[in-house]
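Remarks on the structure that follows.
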Amino acid sequence: MASLHLWLLRHGATEWAINGRHTGSTDLPLLPQGETEARALAPILAKQTFAAVLSSPLQRARRTCELAGLSHQAQIEPDLKEWDYGDYEGLTTPEIRVHVPGWTVFSHPCPGGESSDQVQQRCERVIERASQYASSAQAESCNVALFAHGHILRSLAGCWLGQGPAGGAQLVLGTGSFCVLGYERQKRALIHWNAPVLLA
């Protein structure tokens, strides 16, 4: 079995991302800044060979994948959609904390939305699907690209490290950044995290 490397690629900036508003199912387009961030990923990704490219069905992730140069390989993966924030969709953390002091998506429920357990199940399914590509790969390593959203990717990293979605609370992830999850001495590890792309 090849050594699996998961490339986590958060979509470029949107209006709500910049304003700190929780964007789950609201299907916002990228801002011009977000398109620039997405294009900046292309030279880095062009140096890699990917066994699979999986994308959230939401347009901000799909457009980022396209501008990053991998849309020709892309498959839609519904489990990569952002958290369902329920009643908190479109609200900022300070707005939520007026009513629920200390609230975070990683530590408190989202009324009308997803539970942490439901998110973990989605993350584990994505990891399992990616692992299947590694099982059939002929090379020593297998890269799988995942284009998605801030909280789901942070949660996925937490699950990769055996900490569940709550592990993502300590992992900051900016728009248009890339991360790599892999192994160090056969143990799951963070290879790169929130790696910035220098814009020309």
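The values are calculated or read from the model by the stated rules, or taken from the named source; none is laboratory data. Note that the structure is predicted; figures quoted are calculated from it, not measured. Counting neighbours? That spans all protein chains shown, and the Cβs are built from the backbone with ideal geometry, glycine included. For the accessible areas, the whole protein counts, side chains as well, though only heavy atoms, and no ligand, DNA or RNA atoms are used. Shrake-Rupley method; radii C 1.70, N 1.55, O 1.52, S 1.80 Å.
Magnitude of the charge dipole for region 1-61, about its Cα centre and with charges confined to Cβ atoms of Lys, Arg (+1) and Asp, Glu (-1), is about 140 debye.
Looking at region 43-102, the trypsin sites (Lys or Arg not before Pro) that sit in a DSSP loop and have at most 16 other Cβ atoms within 10 Å of their own Cβ are 47. A simple count of charges around residue 130, restricted to other residues whose Cβ falls under 12 Å of its Cβ and scoring Lys, Arg +1 and Asp, Glu -1, yields -2. The fraction of accessible area contributed by carbon and sulfur in region 68-174 is 50 percent, rounded to a whole number (1.4 Å probe; ligands and nucleic acids excluded).
Averaging Cα coordinates gives a centre for region 160-184 and one for region 89-141; these two points are 11 Å apart. Strictly greater than 25 Å: what percent of every Cα pair in the chain meets that? The proportion of pairs with Cα distances above 25 Å equals 32 percent. Taking the charge dipole of region 68-145 about its Cα centre, with +1 at Lys and Arg Cβ atoms and -1 at Asp and Glu Cβ atoms, the residue from 141, 115, 86 reaching farthest to the positive side is 141. So what's the angle, to the nearest 10 degrees on a 0 to 90 scale, between helix 116-136 and the longest Cα principal axis of the chain? Orientation of helix 116-136: about 10 degrees from the principal axis. Magnitude of the charge dipole for the chain, about its Cα centre and with charges confined to Cβ atoms of Lys, Arg (+1) and Asp, Glu (-1), is about 500 debye. The GluC sites (Glu not before Pro) of region 78-148 that meet both conditions, a loop assignment by DSSP and at most 16 other Cβ atoms within 10 Å of the site Cβ, are 140. Projected onto planes of every orientation and averaged, the convex hull of the alpha-carbon atoms in region 105-168 covers 4.6 nm². No disulfide-compatible partner, judged by a Cβ distance under 4.7 Å, exists for the following cysteines of the chain: 65, 110, 142, 179. Heavy atoms of the protein chains alone define the surface here; on that basis the chain has 47 Å² accessible area per residue at 1.4 Å probe size.
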